[in-house]
Amino acid sequence: MSELKSGSNLEKVLKAGYFAFTGECGPPKGANVAHLKEKFQYLRGCVDAVNVTDNQTAVVRMSSLAASRLMVEEGLEPNFQMVCRDRNRLAMMSDILGAHALGIRNMLCLSGDHQSFGNHPQAKNVHDIDSIQLIALVKKMRDQGKFLNDEVIDVAPKMFVGAACNPFADPYEFRVHRLANKIEAGADFIQTQCIFNMDRFRDFMKQVVDMGLDKRCHILAGVTPMKNAGMANFMKKFVPGMDIPDDLINRLKGVDQKDQAEEGICFALEQIEEFKQMQGVAGVHLMAIEWEHKVPEIAQRAKVLPRPVV
Amino acid sequence: MRLSYPSNIKIIQLPCTGRIDIIHLLNAIENGADGVYVAGCLEGECHFIQGNLKARKKVEYVKKTLTELGIEPERVEMFNLSSAQGARFAQIANEMVDRIRQLGPTPVKKVHAA
Amino acid sequence: MIVADRKPIQEILAMVKADKKILILGCKGCVTVCNVGGVKESEILASTLKIARKQQGKDIDIDVRVLERQCDTEYVAQIKDIVNDYESVVSLACGVGPQFLSEMYKEKKFYPGVNTTFFGGAVQHGIWEERCGGCGTCSIHDFGGLCPIARCAKSLLHGPCGGSTKGICEVNPDTICVWDAIVTKKMAAGEIGDLMGVKGFKDWRSARDGGPRRSIREELIQGNI
């Protein structure tokens, strides 16, 4: 990895060996640019790059491509997300070219939540190709400069390719192999699903390090600060693929309602401290869902500021 | 036992209620019956093992169909009793007749050929 | 076989509301096997429609016929002498039936009495499940004999997506996660390697995406087409 693949800030930070810190921002349910730019302000200077979600949970929002471009114009770096649910291979390649042309240099390849979870469950889903094939596709476009059909691309897109990883999903024994497959397909960086079960994650990372996957790909651990015990309970019961230990819920319940948010943040900060030392972990991806205004405080208290300028 | 039961019930004898098909119940309603009920052995004691269980499922299906048509599902019913329960037989007959009287005559009208 | 569900009775009543004499045409093929359009079900539908009409104080003349299959012109032709006796015909065959009928008897009205859903089989009497999506390039042998195209809600070729819980798909609690099943099978057989690597991008031309399909067997065609 002597030459930069995309030249993105995130790539440079990771390549230089710094502990990366990324954030997340959901586009608005409308064309409300003002509100979106407001959210950007909280993240400015606190993170290396910001994930811009793509119709997350199948709820229609402004496109990730458009919101990512707006972010670029505001001087922040987006992680443009693309799900396989809504686009066929033609639209995907087309949007990847568009993203590069608009100054976007990081891309996250995801399957996407099924449309039955969203606000337009009657829609047809696409799934022409899956997330692993999308990773391979972007890599081909970037490294070979070719479309899927091997035609030459007139100025190839340079993307730093990311993927998601859920160490807690079923069947547990297979997750590290699926991660290996994503890295094999070409993922440059990985962001995990939010972690709450630290024991399990430590075990997972041991397997990752044993397989040498951390040397071939930068792995960022996902952190979501719990706002209160209710949120923890809700996620445990209703969000698939989550592993939330009772210990954490009890810890949150153990303090007054008004202090639970602070307790949640404390837990997150403890996690971040451990991740800084954990073998194989190259950074943290902070998902402060609908809590973007807390990011500067969390970044400050996690002692990850100022962000490196490479 | 010489117990009396209402005279406006027509009894159709079968070797087992398992012999009943959905179409029999529907035909009865179609042809103007105000109500139809099936009297089978006590559950677990069917002489032909599961005939009465199958009959119950069919009665449920017909109830659903009637509901979809806006007709009271109570007009069709399944009852279980043993062949030794003469008093229960009369009781069921009275119960069903009372029920149908409450519901009124069938909404399925006799239609004369055009 | 092809599985179908009977259309709600109100929908069928609306289709024939102006008609006084109709034919219900059942089929002895798939719809008989899935208990929705055979002899029994055709008679039940006839009686149900009559009850509904009589409820309104009107009558309806309904005949019931059942053909061997409705996906063969040879059988569809069998009603040519009687089809004009009816104002409309309700076919309980899968979607193919009413179309073959419409193509042969161009001036008559044919209504579909069922909603055709999927290719599947009976996992127990009364419960049918989808197994095949008719994609045209079967490769279930690459996945332990299970089909991820038809049975994964996202048609993944490198699953599972991570949304399943204890082998059940997050989209529907009645559906197993087929990828959980594939992976479990492969892990038990020590064949995880078969699932690694990037599988070829699917060529959807052989599926419905490529347009309505045709299958021609030259050696079987007789005479002029």
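Worth a mention:
- Only a single item in (1) of a type in the set (Gly, Ala, Ser); (2) buried (at least 16 other Cβ atoms within 10 Å of the Cβ); (3) not in a loop (DSSP other than H, G, I, E, B) is not met by residue C:153, and it is number (3).
- Total residues in the stretch A:111-137, condition touching a helix residue (DSSP H, G or I) at 6+ places or on another chain (Cβ under 6 Å), crowded, with 21+ Cβ neighbours inside 10 Å and not polar (S, T, N, Q): 5
- Which listed residue, of A:169, A:164, is touching a helix residue (DSSP H, G or I) at 6+ places or on another chain (Cβ under 7 Å) and either buried (at least 20 other Cβ atoms within 10 Å of the Cβ) or more than 8 Å from chain C (Cβ to nearest Cβ) (or both): A:169
- Pairs where the first residue, in the stretch A:45-63, is in contact (Cβ under 8 Å) with a residue 60 or more places away in the chain and surrounded by 24 or more Cβ atoms within 10 Å (Cβ to Cβ) and the second is among the charged types (D, E, K, R) and not in a loop (DSSP other than H, G, I, E, B), C-beta under 8 Å, 6+ apart: A:51/A:24
- Entirely in the stretch A:57-146, the helices (runs of 4 or more DSSP H) that have 3 or more residues that are modelled with pLDDT of 95 or more and more than 11 Å from every other protein chain (Cβ to nearest Cβ): A:64-73, A:89-101
- Taken together, B:87, B:55, B:33, B:28 contain a single residue that is of a type in the set (Gly, Ala, Ser), away from chain C (no Cβ under 14 Å) and within 20 Å of residue C:48 (Cα to Cα), which is B:55.
- Restricting the first member to the stretch A:286-310 and to residues that are in contact (Cβ under 8 Å) with a residue 24 or more places away in the chain, and the second to residues that are of a type in the set (Val, Ile, Thr), the beta-carbon pairs closer than 6 Å and six or more apart or on different chains are A:286/A:223; A:287/A:224; A:288/A:295; A:302/A:272; A:308/A:13; A:310/A:13.
- Scan of the stretch A:280-304 for residues that are more than 20 Å from the chain's Cα centre (by Cα) and more than 23 Å from residue A:26 (Cα to Cα), ordered by number: A:301, A:303
- Boolean, residue A:180 is in a helix (DSSP H, G or I), in contact with a Phe, Trp or Tyr (Cβ under 9 Å, 6 or more places away or on another chain) and of a type outside the set (Phe, Trp, Tyr): no
- Residue in the stretch C:14-30 that is surrounded by the most Cβ atoms within 10 Å (Cβ to Cβ), counting only those that are in contact (Cβ under 8 Å) with a residue 40 or more places away in the chain and part of a helix (DSSP H, G or I): C:30
- One residue alone among C:163, C:167 is within 9 Å of chain A (Cβ to nearest Cβ), over 27 Å from residue A:136 (Cα atoms), touching a Cys at 6+ places or on another chain (Cβ under 8 Å) and surrounded by 15 or more Cβ atoms within 10 Å (Cβ to Cβ), and that residue is C:167.
- Number of positions in the stretch C:1-43 that are β-branched (Val, Ile, Thr), within 20 Å of residue B:73 (Cβ to Cβ) and touching a strand residue (DSSP E or B) at 6+ places or on another chain (Cβ under 9 Å): 1
- Test: residue C:51 is within 23 Å of the chain's Cα centre (by Cα) and within 8 Å of chain B (Cβ to nearest Cβ): no
- Any chance residue A:273 is closer than 20 Å to residue A:23 by Cβ and assigned to a helix (DSSP H, G or I): yes
- For the stretch C:31-39, the criterion of being surrounded by fewer than 17 Cβ atoms within 10 Å (Cβ to Cβ) and either closer than 17 Å to residue B:68 by Cα or within 9 Å of chain B (Cβ to nearest Cβ) (or both) is met by none of the residues.
- Residue C:122 vs. criteria touching a residue at least 24 places away in the same chain (Cβ under 8 Å), loosely packed, with under 15 Cβ neighbours inside 10 Å and of a type in the set (A, V, I, L, M): yes
- Scope the stretch B:77-114; condition free of Cβ contacts under 8 Å to residues at least 24 places away in the same chain and among the hydrophobic types (A, V, I, L, M, F, W, C); matching residues: B:84, B:111, B:113, B:114
- Residues (surrounded by 16 or more Cβ atoms within 10 Å (Cβ to Cβ) and basic (Lys, Arg)) located in the stretch C:98-119: C:108, C:109
The values are calculated or read from the model by the stated rules, or taken from the named source; none is laboratory data. Bear in mind the structure is a predicted one, so any value in this text is a computation, not a measurement. Cβ atoms come from the backbone with ideal geometry, glycine included; neighbour counts cover every protein chain shown.
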